[in-house]
1. Once you have the Cα-Cα distance between Ser153 and Ser258, take 0.36 nm times their residue separation minus that, and quote the gain in nm to one decimal.
2. In a Gaussian network model over the chain where Cα atoms closer than 10 Å are linked, find which of Cys158, Cys144, Cys307 has the largest mean-square fluctuation.
3. Suppose each label sits 7 Å from its Cα in the direction of the beta carbon; what would the Gln134-Lys311 distance come out to in nanometres?
4. If I model a spin label as a point 7 Å beyond the Cα along the Cα-Cβ vector, how far apart are those points for Asp112 and Gln178 in nm?
5. For Gln244 and Thr201 in one chain, what is 0.36 nm times their gap in residues minus the Cα-Cα distance, to one decimal in nm?
6. If exposed means no more than 15 neighbouring beta carbons inside 10 Å and the site is in a DSSP loop, what's the longest run of the chain without any exposed GluC sites (Glu not before Pro)?
7. Over 29 Å between C-alpha atoms is what I'm after, so list which of Lys130/Lys311; Lys203/Lys377; Lys124/Lys377; Lys203/Lys373 land there.
8. Just check the stretch 285-328 against the gyration tensor rule for me: Cα atoms, a ≥ b ≥ c as the square roots of the eigenvalues, rounded for a/c under 1.5, and otherwise prolate or oblate depending on whether a/b exceeds b/c.
Amino acid sequence: MNDYNLELCDAIAHLISETPQQRITFAEYMDLVLYHPQHGYYATNQVKIGAQGDFFTSPHLGADFGELLAEQFVEMWQILSYPVPFTLVEMGAGQGILSGDILRYSQRQYPDLFDAIEYIIVEKSPALKKEQQQRLRQLPIRWCAIEEITTESIIGCCFSNELVDALPVHQFVIENGQLREIYVTTQDGINFVEVAGEPSTNKLIKYFQLVEIDLMSSAYTEVYRSEVNLAALDWLSTVANKLQRGYLLTVDYGYTASRYYSPGRDVGTLQCYYQHAHHNNPYINIGRQDITAHVNFTALERWGELCGLQKIGFTQQGLFLMALGLGFRIASLSSSNATDGKAILQVLQRRDALHQMINPMGLGGFGVLIQSKGLSKEEMTSPLKGLSMPNI
């Protein structure tokens, strides 16, 4: 059964009808579906995150993810010579669970860091922002748009967890050896259908030059289809512009460019999430489902360099968390002296949650990219614990 937001469909159809060629790019369509100010998936209270929702993230498995991130943040603060304020900018904070875990743990374990932190949340979704403000009302947090942050004012760390995958992507196909972009138009005035046309921007061609992928190679078949996330590059440029000195930490699922655009991955990575089921049809459940695409980490690295961001390291979430101490937390559960059934069940549930965060076939396989700006040579060479080899 197709569950859709009729007002959103009407708004998209109206926009299409007003364009000269009666079509919009898939990126424009995805942007409207997710971020339309009144009816988009993220703009309304349709967003369902957690065990009973459309999807869940690492913070839903317990406070450990946020607490181990705090361990990395305190080390960054030390490397930067203890600046006050030490600004943490979380972009796309979901329900605010991660923010609370980071700040409460810092307050307990590192009160000097906590006193130095200026915590800013950049949240585009009005519904999620309202939920965050309710959940985090006891904590010192400021909400603002990224545009409101002064250029080169941040000394600290900007970070995101599963944000970049939800940025709108352009879709393309290879036809007769040429790159053709996917557009969305209407059929019978009510149904959205795809048509292929000339690329809407030469940025698509330049993107593949940036990541050194030759789509004209004979390895790519006539049925090859994938995505390009130009919005991620714009986002990266904006964040780099706000950072004076410090780090950018990006956690998300994705690949390097060679894996992302492997000739064998000929249907792309676009996925839709609806009530914990996933599929690849973005033209059903419009406004009621999440739409994502994997992140091209090579593009973030290369574009970051052009924006003044230097790559510190890239690793998997499982290795990152183990290096920060998750293994010790798992080991401590083995020495638990729980005896009654309820306590034993809690230990087993916690162990399962910790293992889910490092499972290489799931959350543990997510990429963690750390970039920096404005660091001295000495600060650049100071090793980050999360990027070291974990003791297993």
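The values are calculated or read from the model by the stated rules, or taken from the named source; none is laboratory data. Just so you know, these numbers come straight off a predicted model, no measurement behind them. Positions of Cβ are backbone-derived with ideal geometry, glycine not excepted, and every protein chain shown enters the neighbour counts. The accessibility values were calculated without ligands, DNA or RNA, using every heavy atom of the protein model including side chains. Shrake-Rupley method; radii C 1.70, N 1.55, O 1.52, S 1.80 Å.
1. Taking 0.36 nm per residue and subtracting the Cα distance, the gain is 34.3 nm.
2. Looking only at Cys158, Cys144, Cys307, the biggest GNM fluctuation is shown by Cys144.
3. Placing both labels 7 Å beyond Cα along the Cβ direction yields 4.2 nm.
4. The answer from the label model is 6.4 nm.
5. Working it through step by step, the gained length comes to 12.4 nm.
6. 223-392
7. Pairs exceeding 29 Å: Lys130/Lys311; Lys203/Lys377; Lys124/Lys377.
8. oblate
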